[in-house]
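Trainee: Next up is a structure, given as structure tokens.
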Amino acid sequence: MRIHTGEELSMKKFVVSLMMFGLCGFAWAEDKSDVQQRLDRSADMFQQITSAPDKGIPDDVMNSAKCVAVVPHMVKAGLGIGGEHGKGVATCKTSQGWSAPAFFTVSGGSVGLQIGAEGVDLVMLIMNDQGMQALLSDKFQVGGDASAAAGPVGRDAQAGTDWKLKASILTYSRSKGAFGGVSLNGTVIHQDKDSAKAFYGQDETSQALLAGQVPPPPDAKGFLNAVARAQTVAQK
């Protein structure tokens, strides 16, 4: 049995403190400029991913998506017990086009031998009504309240899984330039009411926003255009 020195224990405490400080930072209150920055980063990231010529989201998948949810920088960190935390933005198809954006937080955990932290870009595509109902709720668990699967990659979805039959949510991640389907089962999604209030200037629920009951504000144009453009390209 190894006995840790005081210096080693202090270093471990320091690393844990840094990780907790970074992860807990997601709980800080945001103002509208912070939320706007998240929207802009989400638009840039989603456009980069969907414009990949051969290894992006398949056209059939993108064209079939009912909602798009994006987390531009989810932090994955661990020291024996790992976790994922991030803030994202979502929009759904309505009869008038893509809805005003709703905001959410994503969190989860994993157990294993790991240490360190990294940023991961995350995309979730909601493929059916069951997935939409989960997204409209105050809180839901990916893979629990709605079935989820790692999304197929590449322009030809036929070589992928039977996503049309089974998955309510298809999930993708990008880390250090590598892009592909990822399993997020167990991850919990919460409505981010504070961000919605900061952005809209009043309380707006995700249900009202994603159902198209609130007109999209001009400040959301960049993100909504990126989503609309991706689906328009997929339909060609």
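Trainee: Please tell me which of these pairs span more than 18 angstrom C-alpha to C-alpha: 93/221; 32/139; 55/87; 55/176; 66/87?
Mentor: Long pairs (Cα-Cα over 18 Å): 32/139; 55/87; 66/87.
Trainee: For residue 31 and residue 190, calculate 0.36 nm times their separation in residues minus their Cα-Cα distance, and state this gained length in nm to one decimal.
Mentor: Contour length minus Cα-Cα distance gives 55.4 nm.
Trainee: Related question: By counting other Cβ atoms within 10 Å of each Cβ, how are 73, 85 ranked from fewest to most?
Mentor: Details: 73 15, 85 20.
Ordered from fewest to most neighbouring Cβ atoms within 10 Å, 73, 85 come out as 73, 85.
Trainee: Which value in nm describes the separation of the simple spin-label points at residue 203 and residue 138, placed 7 Å from the Cα toward the beta carbon?
Mentor: Label at residue 203, label at residue 138, 1.1 nm between them.
Coordinate-derived values only; no laboratory data. It should be emphasised that the depicted structure is a prediction, and the values quoted were computed from it without experimental measurement. Here the Cβ is made from the backbone with ideal geometry for all residues, glycine too, and neighbour counts use every protein chain on show.
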